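Please read the structure below before turning to the comments.
The values are calculated or read from the model by the stated rules, or taken from the named source; none is laboratory data. As the structure is a prediction and not an experimental result, all values here were calculated from the model. Here the Cβ positions follow ideal geometry from the backbone for every residue, glycine too, while neighbour counts run over all protein chains shown. Accessible surface is based on the protein model in full, side chains and every heavy atom, while ligands, DNA and RNA are left aside. Shrake-Rupley method; radii C 1.70, N 1.55, O 1.52, S 1.80 Å.
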Amino acid sequence: MNEGISVRSVSRAAALAAAEVALSRFLSVNTFNMKIGFGFVPIVLCAVMLGPVWAAAVYALSDFLGAVLFPIGPYFPGFTLTAALSGLAFGFFLYRREVRIFPHVIGAVFTSCVVLGLGLNTLWIALLYEKAIWAIIPGRLLQCVILISAQTALIPLICRVSERLKGAA
C-alpha cells in the first residue's frame with residue numbers, strides 16, 4: 001500500500017519534514033491555543049507521493065523536531081500523536097486515488113481540521129494549560145474555519161503538482 005523504503009523515499013521524506021518544520025515554525029501564526037499556517041502542504045505532498053505510513057511518520061517526526069528545536073510552548077506528546085493521525089488521514093484519503101473534492105479532499109480536511117484539530121488538539125490544550133474547553137473553543141473554531149478553507153482550496157493543487165513530480169521522476 002505504501003512506497004517501500006528506498007533512498008529516494010527517505011530523501012523525499014526528510015526534505016518534506018524539513019519543509020514542514022520551516023513552514024509551521026517560521027511561516028505561521030502560533031499562539032498557545034492556535035496555529036494557522038501552511039505546514040500541512042509538505043505533509044499532503046508526502047501523503048500523495050509516499051502514502052499514509054510515510055505521511056504519519058514525517059508529520060510526527062517534524063512535530064517532535066519542531067517542538068524540540070524551536071519550541072512555542074512545552075513539548076506535549078499528544079500533539080505528536082495528533083500529527084501522526086493527521087498524516088494517516090491525508091494518506092488514507094489522498095494516496096493512489098483520483099482525487100475529487102468530495103469525498104477525498106473533504107474527507108481529509110474534515111478529519112484533519114475538525115476531528116483531530118478542533119477535537120483532539122483542543123483536548124490536549126485544555127489538559128496542558130488547565131483551561132476549560134469552552135474557553136478555548138472560539139479561537140479554535142476560527143483556526144478551523146481558516147484551515148478548512150485553505151486546505152480545501154490547496155489540496156487539489158498539491159495533488160496536481162505531485163502528479164507532475166511523479167511524472168518527472
Starting from the range 86-108, keep only residues that are in a helix (DSSP H, G or I), then list their pairs with residues that are of a type in the set (S, T, N, Q) and open to solvent by less than 70 Å² (accessible area, probe 1.4 Å) whose Cβ atoms are within a distance under 7 Å, requiring at least 6 positions of separation or different chains.
SER86/SER112; ALA89/THR111; ALA89/SER112; PHE90/SER112; VAL105/THR152
Go through (1) modelled with pLDDT under 95; (2) assigned to a helix (DSSP H, G or I); (3) in contact with a strand residue (DSSP E or B) (Cβ under 8 Å, 6 or more places away or on another chain) and name the single condition ILE72 misses.
(2)
Quick check on the range 25-44: of everything there that is modelled with pLDDT of 95 or more and either in a helix (DSSP H, G or I) or among the acidic types (Asp, Glu) (or both), which residue is surrounded by the fewest Cβ atoms within 10 Å (Cβ to Cβ)?
VAL41
Condition test on GLY4, is it under 24 Å from VAL99 (Cα atoms) and not in a helix (DSSP H, G or I)?
yes
